[in-house]
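Every number here is computed from the coordinates shown, using simple stated rules; none is lab data. What you are looking at is a predicted structure, and each value in this text was computed from that prediction instead of being measured. Methodologically, a virtual Cβ is constructed for each residue, glycine included, from the backbone with ideal geometry; neighbour enumeration extends over all protein chains shown.
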Amino acid sequence: MTEAELLAMPEDDYMNAQQLAFFRERLRAMEQEILHNADETTEHLRETVIVPDPADRATIEEEHALELRTRDRERKLLKKIQQALQQVDSGEYGYCEETGDPIGLPRLLARPTATLSLEAQQRRELKQKLYGD
């Protein structure tokens, strides 16, 4: 199923079996990509390169630090993906955790791990902006 076919479905069919299967597949693909990237990073960091020039060594260390920060963000995203997969399996996927309203297909296509509707997310961000974290 393509995104266009998904969006062409009537609103009454929200989170039917086909849509859940589509998002399950998309989330699994994201999960596999992150796990593959983590494996590549592990292999990359194991490759010990001895560089006598301090400037070159600093560049390599900075690249490793950047790669590790990226993997840390991906690790956090992996947790969200796994939670979303659990929601797909339990039938709760696609509904706002605050209001229970549908999150909407366009938002889920843009961010498959979304747990809040756009309005609820905007309210949460406004509250954080006004009152801090």
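Brief remarks on what is shown
- Fewest-first sequence of I50, I34, I60 by Cβ atoms within 10 Å of each Cβ: I50, I60, I34
- Only aspartates and glutamates eight or more places from K127 in sequence, or on another chain, were considered; those with a Cα closer than 15 Å are E98, E119.
- Integer Hz, Karplus 6.51/-1.76/1.60 couplings in order for the stretch 64-75, x for Gly and Pro: 5, 4, 5, 5, 5, 5, 4, 5, 5, 5, 5, 4
- Against the set (1) 1.10; (2) 1.40; (3) 1.25, the structure's computed Cα Rg over 2.2 N^0.38 Å falls on (2).
- In the stretch 1-70, GluC sites (Glu not before Pro) in a DSSP loop with at most 16 other beta-carbon atoms within 10 Å: E47
- Put simply, the amide H of Y95, placed in the peptide plane, has neighbours under 5 Å in I103, leaving out anything fewer than 5 places away on its chain.
- Proximal charge balance of I103 [Cβ under 12 Å; K/R count +1, D/E count -1]: -3
- Charge dipole of the chain about the Cα centre (unit charges at C-beta), most positive-ward option of G91, P52, Q121: Q121
- Spatial offset of the stretch 118-133 relative to the stretch 1-79 amounts to 27 Å, using the alpha carbon center of each.
- Per-residue Karplus couplings for the stretch 98-107, computed as 6.51 cos²θ - 1.76 cosθ + 1.60 with θ equal to phi - 60°, are listed in order as 8, 9, x, 6, x, 6, x, 5, x, 5 Hz, Gly and Pro entered as x.
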